[in-house]
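Student: Attaching a single structure in C-alpha cells format; questions to follow.
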Protein chains: 2
Amino acid sequence: MQKPQKIENLLKKKFFISQSSHIYGGVAGFFDYGPLGCSLRNNIVNYWRRVFASEPNIYEVDSSVILPEAVLKASGHVDKFCDTLIFDEVNGECFRADHYLKDKVDQETCERLDVMSLDEINETIARFDVKSPSGNKLGNATHFNLMFKTFIGPKSQNLGYLRPETAQGQFLNFKKVYELNNEKFPFGTFSVGKVFRNEISPRGGLLRVREFEQAELEFFVHPDEKVHDKYDEVKDIELTLHFGAEVQNTKKMRLKEAVDNQIIKNRCIGYFIGLTHNFLKALGFVDFRFRQHKRDEMAHYACDCWDAEILTSYGYIECVGIADRSCYDLSMHSKCSGTSLIAQKRLDKPKKEIKLEPLCDMKEWGRRFKDRLPVLLEKVKSLKIDENKLIKQIEFDGQMVGLEYKRSENTIHVEDFIPSVIEPSFGIGRLFYSLVEQVYWERRDDEERSVLSLSPVVAPYQVGLTSLRVGDYKKRLNNVFEQLRLRNIRVFVNERNVSIGRRYASADEIGVPYFVTFDSESASDGMVTIRERDSMDQIRVSIEKVVEIIDSLITGNGDFSKINK
Amino acid sequence: MQKPQKIENLLKKKFFISQSSHIYGGVAGFFDYGPLGCSLRNNIVNYWRRVFASEPNIYEVDSSVILPEAVLKASGHVDKFCDTLIFDEVNGECFRADHYLKDKVDQETCERLDVMSLDEINETIARFDVKSPSGNKLGNATHFNLMFKTFIGPKSQNLGYLRPETAQGQFLNFKKVYELNNEKFPFGTFSVGKVFRNEISPRGGLLRVREFEQAELEFFVHPDEKVHDKYDEVKDIELTLHFGAEVQNTKKMRLKEAVDNQIIKNRCIGYFIGLTHNFLKALGFVDFRFRQHKRDEMAHYACDCWDAEILTSYGYIECVGIADRSCYDLSMHSKCSGTSLIAQKRLDKPKKEIKLEPLCDMKEWGRRFKDRLPVLLEKVKSLKIDENKLIKQIEFDGQMVGLEYKRSENTIHVEDFIPSVIEPSFGIGRLFYSLVEQVYWERRDDEERSVLSLSPVVAPYQVGLTSLRVGDYKKRLNNVFEQLRLRNIRVFVNERNVSIGRRYASADEIGVPYFVTFDSESASDGMVTIRERDSMDQIRVSIEKVVEIIDSLITGNGDFSKINK
C-alpha cells in the first residue's frame, strides 16, 4: 500500500478525521475532525499562539466569515482569485487546467501552466491534442472564482462571499488596533479560523480541501522600517532555501547571510522565516525548506513571498506562506471604502515645508479674458510647481499671462504613510497532515505495527495509564490519573481487556509518547513501569515519583535514558 | 442614553467588538471581535469546555461548516427552518412577520404570531390593516429559509448550506464515537464553532446575528435510561422555572422537585439544567430562569425543551437551549442515508424469542392454484402472526386453504435501539452580550465612570500593573509581570502618561478585577498597592507576596477583605 493511503487509513480508523457527510457518500474536499484529530490540531494551534501571538503588541481579531462583495472586490479577490477551468464538452465533467494538463504536455509548457492566460491554455490543448478522460473534446477554458458565494438576507442583490483568508477581516480593523497600540509601530493582529476555497476538483486528501483552518499574523510596520527587534535571536539559524526570481536553486545558508545578500528582502520577513523554522522544528518536522515565489507566481498583493514547504509523499508541499504584502491591502481598502487607513509617524526632526501658491490677479485677468476667466484659473491651478523651476508666465488664448507666487513656510512634525504588512500565514490542516506523514513509521519486525512519533508538545495524549490486573490498583491508578490531569497533562486510561502488547501497539498508533503500567508486582514493590514509545525501552520507577518524572519528560526537562530509577 | 446603546458604545470604544466591514458601512447581523472581545469570548468557551466537556466519555468532533443538501434535507432544516417574510409591495423592503406585526396587533394575536401559518399572517395583516413603514401595501407572506445557500464546485447542481447548528455534523459521526467509547452508553460529543442563520432583518446588536459561535454537547443515552450518574450533585439546586405546555407561570423550586413532578421530563435533561445553572452562576450571571417550550413552539426534532433565559434590557433572552431531541435526528439520518445509526444493548437477562413461520405446501398449492400461486404466497407472507390467535385457514380464490406453522425458539442477547440525544446548546455571542449587560454599572458619583464587574474566570485581564514613577520600578514591575504570566494569569501593564485615577477608570471599564500600583514609596518600603475594582478598596502588601496574593484572589481561594497585609 502507498504511504498516503496507509496514513489516511490510520487517521480514519482511529477517527483523527473522517470524510464529511460520509454516511451520505461524502463531499470531496471536506473533512471532519474526530477527538484525536481535534486534540492534535488544537495542540498545533495552541503552540502557534504561544510562538507567534504571545507578545503584548500582538492582538487577536476574530472577524466574520461572510464578507460583503465590496470588501473582496477591493482586495482583488473577486477579479483575481481564480483558477482556470476546462471541461468535457459532452458530459460536463470539470477540471482545473494546470492540474489536468500537467502530464499531457512537455516539460517547458508544464512549468508555465499555472501562469498561462485563457488563450494560452486553449492553444496548449489544441497543440497537444488533449482530450477529456472520456476521450471527448474539451470546451474553451474559463476563469472560475474560488470563493464560495452566498446571499445575505432575502434580497438577491446582497452578494456575500465566504472569506478565502482571515487577513481581510484584520485589515478592515487595522485602525482600531493601531489606536489600541497607542498609534505606535510595529504591532500585529492575528486570527485563527476557518477559511473557504471552492476548489474545482479537490484531490490529495487533507492537502487540497475546500474548508480549512488558517492561523494568520499580520505584522504592521513602517515601509522604511521592515525590521524586528528580536531579529538577532534568529539570525544565525541555518536554513534550507530554494530561491531565484526565474530559475531556482536550493542552498543551505544562515538566515543573516540570506538577508545581507538581499535573497530575503528584509529583516522583518527574515525574522518570521526564522521563527517559522523554530516552530516547525519544535512540532517535530524534520524535512522542510523555504521556497521563494518566482516573479510570475507572486500573488497580486505581494512583493516578496516565501513558502515553508514540507516534504510529503506528494513532494514538497506549501504549508506556510510568509509574504510581504507591502501596503497593497490597506491602500486598496482606503481607496475603495473612502475611509483613511493611513498612519502617522512623528518625525525625529521636524521638517520645514515651503509652500508656493500662484497669485491670481482676478481684477486684471477678468478684464482681459472675461468669461474665459474660469478656464484660465483652472489652468493655473493645475500647474506643476517646482521651486527651482518656477513658471513665470503662461500662454492663454494667444496672450502671455505673467504669474507671481505667494510663499509660505510650515514646520512638519508628522509624516503620513500607509503601513506595510508582513504576513506569516499557516494552513493548519496541511501542517496536521504533513506532520503525521513525517512522524509515521513501522516497526521493522511488523508492518502492521505503525508508530506516530509525535512530540509531547502536540501528541493528543502525552501519557497512557494501564494496569494488568483490573481492580487491584484502581484507586492508586486513578490517583495518578488525577494528579497528571491537575498538571494539565493529557492522559488516558486503557483498561480494555487485551494483552499489554496490544495496548502498547494501539498507543503507538496514536502517538502516545509514554505509557505507565501497574503490574502484578506493583502492589508489593510500589513500582510501576514507564515505557518510551520510540525505543520501547522500559524503566521501573516508584509510584510516588512517577507523576514528577512524567512531567519532566513531557516538558522536555527530563531525559528518559538518564532517569534515576 | 438607553442601556443597550451605552453597552454597545463601550464595547465598540474599547474594541471588544466592531461592526463587520464597518469601513464599508457594515452589514447588519455581522460582528468582529477585537482583542478584549476575543479574550472574554475565549474565556467563556474555555470555561464551558471545563464544565461540560472534560469527562473522559465526552469527545470533541469538529465538522465542516458547509454541508450538502441531503444532510439538511434529512434533518428537516431545508423544509422547516424558516421564518415568515412579508415585504413592502412598492419598495421591496423585507420584514420578519412576527417581529414586524407584534406591536400592530392585539395581545391575543401577538402571542400566536410565531406559530401562525402563511394564511393566518395574511388574514392578520388584512384584519388589522397593517401597512409597511412607508405606508405601502404589504405583499403576501412567504416562507424564507434561514440557511445560507452556496454551490460546491463548478457545477450549479451541487447545492450546499452553511450549517445552522453544529449538531448535524456530530450526528453524522455518531457511529465512530460510539465505537471509540467501546459501544457503551452514555457518551457525548461536542463541537464549538461558527454557525450561520440568514436572518431576514437582524436588529438588537449582538443578540440577533447572522453568524455566531455555538458550543453544543450531544449526550447520547438509551431511550429508557435518560439519567445521569452525577444527577445527585445537582438535584438540590434551587431553580427559577417558567413552565407549562400552554399557559406558563414562574415558580422557584428544587431541581429534584421539578423532576419528581415530571415538570422536567427526565433526570438527564434535569442534570444538564442543573449544570447550566452552575455554569451561569460561575460566569457571574445574577438574573436568569429556565423556561420550558410551549407545546406549539417546540422545534420539529424536540420532545422536551428548556431555554436558559437571561434578563437583559430586551427582556428575558434565550441564551441556552437544553433539548431532548429524542431519536429524531439519528432516525432520519439512518433512513435518508441508508446507513444504520442503530446501537445495541446487551440485555441483563437473555430473552427467549419465539418465531412462527407459515409452512407453504408448494406442491399441493401449486397443483391447486397454478399461476395464481405467487399471489397466494404473497398473501400468506403478509399475514399478521399472533401466537395466541393463529390463523388456521384462509380463503383464496373462493377456496379454503389450511395453514400450518414452523415454530422456532431463539435466545436474544442484545437489543437494537436508536439512541436518544439530550442536547445543551449555548449561543456564545448571546452569553457574551448579556453577561456584559448584567455586570455593567456606573459609579454613583459619576455617570461617565462605568464598571464591568466581570469575574476573574472570564475577565480579559485579571490584573493590571502600573507604576507612578516611570523607570524607577521597571525591573521589579517586569519581574512581577513575568511571574504572573508564568502562572497563566492574564496581566497587562498600563504605563500611559495619565493620572492614576484615569488608569483605574480605564481598567474598570474593561473589567479588570485587581490593579497593582508601584508608587513613590515602593522603593523605600518594598510595598505596593492592590486595588479591588468593585469596592475601590486598597491594601498595601509586600512586593515579595504580591504574586501569591493575586493568584489566591483570582482562583477564588483568597478573600480581599481578609488579606494579611
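Student: Can you give the charge dipole size of region B:461-562 about its Cα centre, rounded to the nearest 20 debye, using +1 on the beta carbon of Lys and Arg and -1 on the beta carbon of Asp and Glu?
Tutor: Computed charge dipole of region B:461-562: roughly 300 debye.
Student: Now for a different question. What FRET efficiency comes out for residue B:136 versus residue B:6 if R0 is 41 angstrom and r is the Cβ-Cβ distance? Round to the nearest 0.05.
Tutor: Calculated transfer efficiency: 0.70.
Student: Can you give me the Kirkwood hydrodynamic radius for the protein assembly as shown, using every pair of distinct Cα atoms, in Å to one decimal?
Tutor: Its Kirkwood hydrodynamic radius stands at 34.3 Å.
Student: Next question, about the same structure. May I ask for the equivalent-ellipsoid semi-axes of region B:82-145, computed as the square root of five times each C-alpha gyration tensor eigenvalue and listed largest first in whole Å? The partial results should precede the final answer.
Tutor: On the way: eigenvalues 56, 38, 18 Å².
Square roots of five times the eigenvalues give 17, 14, 9 Å.
Student: What are the nm distances, shortest first, from residue A:415 to its equivalents in the other copies, labels at 7 Å along Cα→Cβ?
Tutor: Listed shortest first, these distances are 8.1 nm.
Student: Also, quick follow-up: P(r) for chain A: what percent of alpha-carbon pairs falls in each 20 Å bin, starting at zero?
Tutor: 16, 40, 29, 11, 3, 1
Student: Could you give the distance between the Cα centres of region B:107-171 and region A:433-473, to the whole Å?
Tutor: Going from one Cα centre to the other spans 51 Å.
Student: How high is the FRET efficiency from residue A:521 to residue A:238, r the C-beta distance, R0 51 Å, rounded to 0.05? Intermediate results must be reported in sequence, preceding the final value.
Tutor: Numbers: r = 49 Å, r/R0 = 0.96.
Given R0 = 51 Å and the Cβ-Cβ separation, E is 0.55.
Student: Indicate the helices, whole DSSP H runs only, in chain A that combine a mean Kyte-Doolittle hydropathy of -1.0 or more with a Cα extent along their long axis of 20 angstrom or more.
Tutor: Those that clear 20 Å and a mean of -1.0 are A:35-52, A:267-283.
Student: Still on this structure, I have one more. In what sequence do A:351, A:235, A:176 fall when counting other Cβ within 10 Å, fewest first?
Tutor: Neighbour counts put them in this order, fewest first: A:351, A:235, A:176.
Student: Which FRET efficiency, nearest 0.05, do residue A:46 and residue B:183 yield, Cβ-Cβ r, R0 45 Å?
Tutor: So the FRET efficiency works out to roughly 0.90.
Student: Please compute the contact order of chain A in relative form: average sequence separation of alpha-carbon pairs under 8 Å and at least six residues apart, divided by the residue count, as a percent.
Tutor: For chain A, the relative contact order is 12 percent.
Student: Work out, step by step, the length gained on full extension between residue A:331 and residue A:495: first 0.36 nm times the residue separation, then minus their alpha carbon distance; give nm to one decimal.
Tutor: Roughly 53.0 nm would be gained on extension.
Student: Run through the DSSP bridge list for the protein assembly as shown and note the antiparallel percent, rounded to the nearest 5.
Tutor: 85 percent
Student: Also, quick follow-up: Pull up the DSSP beta bridges for region A:461-562 and report the antiparallel fraction as a percent, rounded to 5.
Tutor: Given both bridge residues lie in region A:461-562, the antiparallel proportion sits at roughly 55 percent.
Student: What does the extension gain come out to for residue B:57 and residue B:342, with contour length at 0.36 nm per residue minus their alpha carbon separation?
Tutor: Extra length available between residue B:57 and residue B:342 comes to 100.7 nm.
Student: Positive end of the charge dipole of the protein assembly as shown (Lys, Arg +1 and Asp, Glu -1 on Cβ, about the Cα centre): tell me which of B:341, A:245, A:425 has its Cα farthest that way.
Tutor: The one lying farthest along the dipole's positive direction is A:425.
Student: Averaged over its residues, how many other protein chain Cβ atoms are within 10 Å of peptide B:151-160's Cβ atoms?
Tutor: What the average comes to for B:151-160 is 5.
Student: Let me ask another. Over what distance in Å are the Cα centres of region A:379-421 and region A:308-367 separated?
Tutor: When both Cα centres are located, 22 Å separates them.
Student: I've got another one for you. Could you quickly flag the chain A residue whose beta carbon comes closest to the rotation axis taking A to B, and that distance in whole angstrom?
Tutor: Nearest Cβ to the rotation axis, residue and whole-Å distance: A:150, 2.
Student: Let me ask another. 7 Å along Cα→Cβ for the label point: how many nanometres lie between residue B:501 and each equivalent label in the other copies, listed shortest first?
Tutor: Those separations, rounded to one decimal, come out as 7.9 nm.
Student: Next question. Let's see if you can work this out: charge +1 on each Lys and Arg Cβ, -1 on each Asp and Glu Cβ, no other charges. What is the dipole magnitude of chain A about its Cα centre, in debye to the nearest 20?
Tutor: 1040 debye
Student: To one decimal in nm, how far is residue B:388 from the same spot in the other copies, if labels go 7 Å from Cα toward Cβ? Please give the shortest first.
Tutor: Result for residue B:388, in nm, nearest copy first: 11.4.
Student: Give me the number: length gained by fully extending residue A:392 to residue A:281, i.e. 0.36 nm times residue separation minus the C-alpha to C-alpha distance, one decimal in nm.
Tutor: Details: separation 111, 0.36 × 111 = 39.96 nm, distance 6.76 nm.
Additional length available on full extension: 33.2 nm.
Student: Take the residue pairs A:351/B:13; A:281/B:14; A:235/A:294; B:149/B:194; A:474/A:562 and return only those whose Cα atoms are more than 26 Å apart.
Tutor: A:351/B:13; A:281/B:14; A:474/A:562
Student: Average the reciprocal distances over every distinct pair of alpha-carbons in region B:347-416, invert the result, and give the Kirkwood radius in Å.
Tutor: Taking every pair of different Cα atoms in region B:347-416, averaging 1/r and inverting gives 14.0 Å.
Student: In what order do A:268, B:360 fall by count of nearby beta-carbon atoms within 10 Å, going from fewest to most?
Tutor: Final ranking by Cβ density, sparse to dense: B:360, A:268.
Student: What does the charge dipole of region A:169-236 about its Cα centre add up to, to the nearest 20 debye, if the Cβ of each Lys and Arg holds +1 and the Cβ of each Asp and Glu holds -1?
Tutor: Dipole magnitude for region A:169-236 comes out near 480 debye.
Student: While we're here: When the Cα centres of region A:501-519 and region B:44-70 are compared, how far apart do they sit, in Å?
Tutor: Taking the Cα centre of each part, region A:501-519 and region B:44-70 sit 26 Å apart.
Only the coordinates and a few stated rules stand behind these numbers; no lab work does. The structure displayed is predicted, hence computed values, not measured ones. Reconstructed Cβ throughout: ideal geometry from the backbone, glycine too, with neighbour counts over all protein chains shown.
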